[in-house]
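To keep things clear, I will list the structure first and then write my remarks on it.
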Amino acid sequence: MLRQLRGGVTLALLLAVLLTGVARAQDFPRPTGFVNDFAGLLSPQGKAQLENRLVRLERETSAEVSVVTIISLKDDNIEDYAAALFKEWGIGKKDKDNGVLFIVALTERKTRIEVGYGLEAVLTDGRAGRILDNKVLPNFREGDY
């Protein structure tokens, strides 16, 4: 009896995790380009300039960089949210896996750079961390997004 109860609880937990992941994946906003400012942090001019730079980068290198701002992660952590969004949106060319996601969660004050396998030699975890620490976060502290 105890073994059946444990098996039932395990199955229920597994289904809850799987169904939560499916439901959450449907909650992602739809991309509108390379720059997706869902939190409204960027000026229209700044957003347009950044979009133009990222379009040019994709044309010249085939690498796709998506910039995403969201208001809140809700109950998620930035690592899981970024990885799931990266996969859901299919950032980067499928045959090259050459995408980069730069995400900002305003309420939690979290940022992350998620890198596809095809660009890991160029944009290592260490380099991404230094970019955040030395370039991004100091500007954010000043309110310059």
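Just so it is clear, none of the values below were taken in a lab; they were calculated from the coordinates. Quantities reported herein were computed from a predicted structural model and do not represent experimental measurements.
Give the shape of region 71-145 as rounded, prolate or oblate, defined through the alpha-carbon gyration tensor: a ≥ b ≥ c are the square roots of its eigenvalues, a/c under 1.5 means rounded, and otherwise the shape is prolate if a/b is larger than b/c and oblate if not. It comes out oblate by the Cα gyration axes. Within straight-line reach of K94, meaning a Cα separation under 18 Å, sit the following aspartates and glutamates at least 8 residues removed in sequence or on another chain: E58, E60, E64, E114, E120.
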